[in-house]
Amino acid sequence: WDPRASFAPPPYSGAMRRALGGIGVGDELVDTLPLARVSPCMANRKCLAVMDGIPQSPEPEWVDWAVVRRGQDLWKHHLGSATVALANALMQGFSIARFAEVLKYSGYSKSLQISAERYLATGFFWTDWWIHPLDDPQSQARKSIYTVRAMHSFARRKCAHLFSQEGGEGIPLSQYDLAEVQLGFSGVCMSIMEVELGMGKLPDADTEAMVHVWRLIGWHLGILDDFNVCSSARGLHDCVEDYMRWTPSRFLTCREATHHLQLALVEGFGRHAFLGERYYEALLVGLQDSRCLGISYLRFQPLPGLPLVAKFLVRLCGTRLVNAVLRTVLLRARTRLRYAPGLDVWSRQYVSPVIAKLFDSILWPLVSIAMRTVVPLRQRPSFKDSRTTKAL
């Protein structure tokens, strides 16, 4: 299997195998709407505004609203940690060729500002799903879900020419692709929370509720039950395991679009999300070997020692205190963006680049120097160890 030669998916043999049947299936409800109706064009609407008038699917028979609300509360409670985990999942998800080429063609790397704004928009829509009712078709949560569903339909039609159905590639943003994206936002995200963020295994009852709410969100995003990877917590775990088996192959055979998107994200977030490019370079490199895959596929050369710092900061985000702080910051940012968007835009365009430049030119180089000094000292044998070595 080599995704550089074809968009054909991995030959899954485990739990993800059932999703392969959806590779040529789109979204019957929304794909029949006029193209202008589902267009995310900035000329028609603001990037973070929801679309009105998108037809909605009926509620599924299997939904348990009490469990859905508990799942929402849990995702909201873990919002800070989950957001960091989701960002990490996204950065690794660029290695999926089908995903990367569609994002690149859709303009996600058109400019640094657009790159940052589109990913931030996705993140804030995601936040809405936890803080607004999912059982109200007119709520902000439901409208944002159907806005995302409409945007998927738009991209599916615009990118259709990139795929060869005759060659076994199916269609862009097929049921298979949506299932894989759902996997990233749910199972992979929770796996990163447990491992990379050091939160440990989440309680079974919590996991079931967090998965059930994602089953409902997937349903309203247009994922048919046959391809929904969140039908149960056990099933989702098996899908993650099956997906992760192919991660080394994805890294080793990623396309140019992967590197293009990673560079755009590093530069865009680095400039417009305060922390600077050096941090996001280090974060990507730190994630690259976080599960001891032993694969080097990135084209970044971070400052020495900084990947260790980035991994440490990620792990801090799994603590209760940092999660609570981040949750407060994110919820306030979402409120500010809804009711005072001008202030947020001004902050990202004018304040963030200045702070990011200070981080990149002063803070991170100093941290790198400190790491190069401290880490070798800690690795040196103590005086007692030296005497023991000589005696031997």
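The values are calculated or read from the model by the stated rules, or taken from the named source; none is laboratory data. Please read all numbers here as calculations on a predicted model, not as lab measurements. Here the Cβ positions follow ideal geometry from the backbone for every residue, glycine too, while neighbour counts run over all protein chains shown. Each accessible area value is taken on the protein alone, full model and side chains, heavy atoms only, with ligands, DNA and RNA left out. Shrake-Rupley method; radii C 1.70, N 1.55, O 1.52, S 1.80 Å.
Of all residues in the range 109-123, how many are in a loop (DSSP other than H, G, I, E, B) and either at pLDDT 80 or above or open to solvent by 40 Å² or more (accessible area, probe 1.4 Å) (or both)?
2
Look at the range 233-260 and say how many of its residues are over 18 Å from the mean Cα position of the chain (by Cα), among the aliphatic types (A, V, I, L, M) and within 22 Å of Ala5 (Cα to Cα).
So the count comes out to 1.
This table checks each residue for (1) over 30 Å from Ala141 (Cβ atoms); (2) more than 24 Å from the chain's Cα centre (by Cα); (3) at pLDDT 95 or above; (4) in a loop (DSSP other than H, G, I, E, B).
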{"residue": "Ala5", "(1), (2), (3), (4)": "yes, yes, no, yes"}
{"residue": "Arg17", "(1), (2), (3), (4)": "yes, no, yes, no"}
{"residue": "Gly26", "(1), (2), (3), (4)": "no, no, yes, yes"}
{"residue": "Ala43", "(1), (2), (3), (4)": "no, yes, no, yes"}
{"residue": "Cys47", "(1), (2), (3), (4)": "no, no, no, yes"}
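Any idea which of (1) surrounded by fewer than 24 Cβ atoms within 10 Å (Cβ to Cβ); (2) touching a Leu at 6+ places or on another chain (Cβ under 9 Å); (3) closer than 16 Å to Ala19 by Cα is the one Leu236 doesn't satisfy?
Failed condition: (1).
Which of (1) at pLDDT 95 or above; (2) surrounded by fewer than 15 Cβ atoms within 10 Å (Cβ to Cβ) does Val322 not meet, given it meets every other one?
(2)
All but one of (1) farther than 24 Å from Leu35 by Cα; (2) out of contact with any Asp or Glu (no Cβ under 7 Å at 6 or more places or on another chain); (3) of a type outside the set (D, E, K, R); (4) surrounded by fewer than 22 Cβ atoms within 10 Å (Cβ to Cβ) hold for Leu221; which doesn't?
For Leu221, the failing item is (1).
Give the range 299-319 a look and list any residue that's modelled with pLDDT under 90 and either of a type in the set (Phe, Trp, Tyr) or open to solvent by less than 70 Å² (accessible area, probe 1.4 Å) (or both), or say none.
Passing the criteria: only Phe300.
Exactly one of these conditions fails for Pro302: (1) in contact (Cβ under 8 Å) with a residue 12 or more places away in the chain; (2) over 25 Å from Leu366 (Cβ atoms). Give me its number.
(2)
Residues to consider are Phe269, Phe274; find the one that is within 30 Å of Trp346 (Cα to Cα), open to solvent by 10 Å² or more (accessible area, probe 1.4 Å), among the aromatic types (Phe, Trp, Tyr) and in a helix (DSSP H, G or I).
Matching residue, one of Phe269, Phe274: Phe269.
If you take just the helices (runs of 4 or more DSSP H) that sit entirely in the range 127-236, which of them hold at least 1 residues that are more than 18 Å from Thr83 (Cβ to Cβ)?
By residue number, 140-158, 175-183, 204-220.
Scan the range 60-71 and tell me whether some residue there is crowded, with 21+ Cβ neighbours inside 10 Å and under 22 Å from Ala233 (Cα atoms).
Yes, the range 60-71 has at least one match.
crowded, with 22+ Cβ neighbours inside 10 Å and closer than 21 Å to Gln92 by Cβ, is that true of Ala155?
So Ala155 fails the test.
Residue-by-condition table, conditions (1) more than 22 Å from the chain's Cα centre (by Cα); (2) part of a helix (DSSP H, G or I); (3) charged (D, E, K, R):
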| site | (1), (2), (3) |
| --- | --- |
| Leu29 | yes, no, no |
| Pro40 | no, no, no |
| Pro58 | yes, no, no |
| Ala85 | no, yes, no |
| Ser95 | no, no, no |
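Looking at the range 330-346 only, could you name the residues that are among the small types (Gly, Ala, Ser) and open to solvent by less than 30 Å² (accessible area, probe 1.4 Å)?
Within the range 330-346, Ala333 is the sole residue that qualifies.
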